[in-house]
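The values are calculated or read from the model by the stated rules, or taken from the named source; none is laboratory data. All values reported here derive from a predicted model rather than from experimental measurement. Glycine also receives a Cβ, built like all others from the backbone with ideal geometry; neighbour counts cover every protein chain displayed. Remember, those area values only see protein heavy atoms, side chains included, never the ligands or the DNA or RNA. Shrake-Rupley method; radii C 1.70, N 1.55, O 1.52, S 1.80 Å.
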Amino acid sequence: MQAVQYDAYGATPTLVEVPAPECPADGVLVEVRATGVCRSDWHAWQGHDPVPLPQVPGHEFAGVIAEVGPEVTERRVGERVTAPFVCGCGRCAYCAAGDAQVCPDQSQPGFTQPGSFAELVAVPAADLNVVPLPDDLDFVTAASLGCRFATAYRALTAHGRVRRGDWVAVHGCGGVGLSAVMIATALGARVVAVDVSEPALRLAKDLGAEVVVPGGPDAAPRVVEATGGGAHVSLDAVGSTDTAVASVSSLRPRGRHVQVGLLLGRHATPPLPMGVVVAKELEIHGSHGMAARDYPAMLDLVASGAVHPHRLVGSVIGLDDAGAALVAMSRPPTTAGVTVVRLGNES
Ligand SMILES: [Zn+2]
Ligand SMILES: [Zn+2]
């Protein structure tokens, strides 16, 4: 099969012929129809998050089940499906409790195993991890839900516990941040979006942000001013020392910070103002994707028409351009929104 693969960290990812993955006994093979290009893939390719080499990137995909392992009972060949980027093992206490996103034995396509920049991708523990798609949800939109949209949804609902009328600050308006702006708005929150990029702030405003604030050292005080004393919930959707600190500093008393952006390398231990956390009784949450169990509520929100995730898709490219799209993430973005790779002709 064809796949985009890199042989070493930073080496140009190229379209090559590779053997198809084996179908796990408890898993399925999915024929990939669409797969998103995500900054997590870029981090792995750069070596910030060590992965086995050579590696096929890609972890936010949608497609059709091509093969079903003998231990799978719930899934059938031909079903239109997606899966979370964190796949649980299906055997541990966390998976049994519905918390596959923190399974100690988790696997992640594109990181621990070959990913979805390929014609076929394997999904382990399919009865736990595979999510059937509603018929009217196209593959490109479904692929854009799997990582960033789902992560934003869970950060706001499970961790942020956003209520109608709350102020929500979103630091960083890439894929996950823009998803958060859209979802928070749909939940009835008032959104302040923060970013260093003008096009990203314009798109945030289009998607429902009431206030936009340029990123930088003044971002937190400006959020506090705009929200009349601080946000109820604030997300760091970037994953950097500065944005993590700014997010915590944007909160009102009893506010909730949700760390969504990965904190890697020199950003791994941001100096959060813990004195303020104590004095204001702030909550600090980490959010790591979303388990398959929680997808139905998100898909219902999409089906209700309250959110329009296809509006987050900035460009659709072919598999032969996927490597270049990953490489392009080394430069500042010139456009806003997420890039999705489409395979085959069907939408
Ligand atoms: Zn992702
Ligand atoms: Zn598990």
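Okay, here's what the table says:
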quantity	calculated
Selection count, region 294-327, where residues are open to solvent by less than 30 Å² (accessible area, probe 1.4 Å) and touching an Asp or Glu at 6+ places or on another chain (Cβ under 9 Å)	2
Boolean, Val121 is away from ligand 2 (no atom under 16 Å from the Cβ) and either β-branched (Val, Ile, Thr) or at negative phi (or both)	yes
Scope region 148-177; condition in a helix (DSSP H, G or I) and in contact with a His (Cβ under 6 Å, 6 or more places away or on another chain); matching residues	His159
Qualifying residue in region 36-48 (condition: over 24 Å from Asp321 (Cβ atoms) and either surrounded by fewer than 22 Cβ atoms within 10 Å (Cβ to Cβ) or within 16 Å of ligand 1 (Cβ to nearest atom) (or both))	no
Region 259-285, residues that are part of a loop (DSSP other than H, G, I, E, B) and open to solvent by less than 60 Å² (accessible area, probe 1.4 Å)	Val260, Gly261, Leu263, Leu264, Ala268, Pro270, Leu272, Pro273, Leu282
Pro104 vs. criteria within 16 Å of ligand 2 (Cβ to nearest atom), open to solvent by less than 10 Å² (accessible area, probe 1.4 Å), at negative phi and assigned to a loop (DSSP other than H, G, I, E, B)	no
Those residues of region 163-181 which are over 25 Å from Pro253 (Cα atoms) and either surrounded by fewer than 24 Cβ atoms within 10 Å (Cβ to Cβ) or more than 20 Å from the chain's Cα centre (by Cα) (or both), in sequence order	Gly174
Subset of region 75-97 [in a loop (DSSP other than H, G, I, E, B) and open to solvent by less than 10 Å² (accessible area, probe 1.4 Å)]	Ala83, Pro84, Val86, Gly88
Meets criteria (open to solvent by less than 50 Å² (accessible area, probe 1.4 Å), part of a loop (DSSP other than H, G, I, E, B) and either farther than 28 Å from Glu17 by Cβ or within 16 Å of ligand 2 (Cβ to nearest atom) (or both)) for Pro57	no
Residue in region 18-25 that is more than 16 Å from ligand 1 (Cβ to nearest atom) and without any contact (Cβ under 8 Å) to a residue 24 or more places away in the chain present	yes
Any hit, region 121-131, residues being more than 14 Å from ligand 1 (Cβ to nearest atom), of a type in the set (D, E, K, R), modelled with pLDDT of 95 or more and outside any loop (DSSP other than H, G, I, E, B)	yes
